[in-house]
Amino acid sequence: MHIAHLAIWAKNLENLKTFYERYFGAQTAAQYRNAQKQFQAYFLTFASGARLELMHRPDILPMARQAGQEFLGYAHLAMSVGSEAAVDALTMRLVNDGYQRLDGPRRTGDGYYESVVLDPEGNRLEITV
């Protein structure tokens with residue numbers, strides 16, 4: 001058994017898709033549309049085979065949150081980039097491109113090397129080895 005994919009509701013579907021393509025090398029399948037439900041989605045596939053579904057429907061309301069605020073439920077998406085140097089480089093690239101860094105890069109108490117940034121829609125994204 002394995003997790004088939006993770007799904008994220010998006011306010012700006014195209015912007016979020018482009019983010020994961022540009023920074024994480026995601027390959028995007030053709031957009032799926034259901035006109036009756038006003039639903040749109042993309043499946044993004046990463047080199048490891050992991051998949052992310054980005055979805056949009058105009059009636060889905062955004063969560064009222066402040067940058068960096070935590071909530072019960074899903075906490076973050078973690079992306080492994082292969083090395084500490086890659087964590088450092090991607091973190092700096094994201095920060096230089098205007099994305100908010102919440103933490104790191106640093107070594108955590110349990111031995112992970114990671115940083116935490118917000119994607120374009122404020123979802124926590126952990127970048128790790």
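Couple of notes before you dig in:
- Hz values of 3J(HN,Hα) by residue in region 28-43 - Karplus curve (6.51, -1.76, 1.60), Gly and Pro given as x: 10, 7, 4, 5, 9, 10, 10, 4, 4, 8, 6, 10, 10, 7, 10, 9
- One chain, two ends: ASN15 and ALA35. Fully extended at 0.36 nm per residue, the span grows by 5.1 nm beyond their Cα-Cα distance.
- Prolate/oblate/rounded call for the chain, Cα gyration tensor, a/c under 1.5 rounded: prolate
- Cα shape, region 1-58, gyration tensor, a/c 1.5 rule: oblate
- Modelled label reach - ILE60, point 7 Å along Cα→Cβ, region 1-23 residues with backbone N closer than 20 Å: 3-22
- Calculated FRET efficiency, GLN69 to ASP110, Cβ-Cβ distance, R0 = 22 Å: about 0.45 to the nearest 0.05.
- The modelled label-to-label distance between SER83 and TYR99, using points 7 Å beyond Cα along the C-beta direction, is 2.0 nm.
- Cα gyration tensor shape for region 75-129, rounded if a/c is under 1.5, else prolate or oblate: oblate
- Counting only DSSP beta bridges with both residues in region 1-58, the antiparallel share comes to about 75 percent.
- Rounded to 10°, Cα long-axis angle of helix 84-96 versus longest principal axis of the chain: 60
- Estimated from helical segments only, the mean residue ellipticity of the chain at 222 nm is -6000 deg cm²/dmol, where each DSSP H run of four or more residues counts as -39500 (n - 2.57).
- Nearest 10 degrees, 0 to 90: helix 13-24 Cα axis against the chain principal axis: 30
- For region 28-108, GluC sites (Glu not before Pro) meeting the loop criterion (DSSP other than H, G, I, E, B) and having at most 11 other Cβ atoms within 10 Å: GLU70.
- Value of relative contact order over the chain, rounded to a whole percent, pairs C-alpha under 8 Å and six or more apart: 22
Every read-out reported here was derived from the displayed coordinates using simple, explicitly stated rules and does not represent laboratory data. Computed from a prediction, not measured in an experiment: that's the story for all the values here. In this analysis, Cβ positions are derived from the backbone assuming ideal geometry, glycine residues included, and neighbour counts consider all displayed protein chains.
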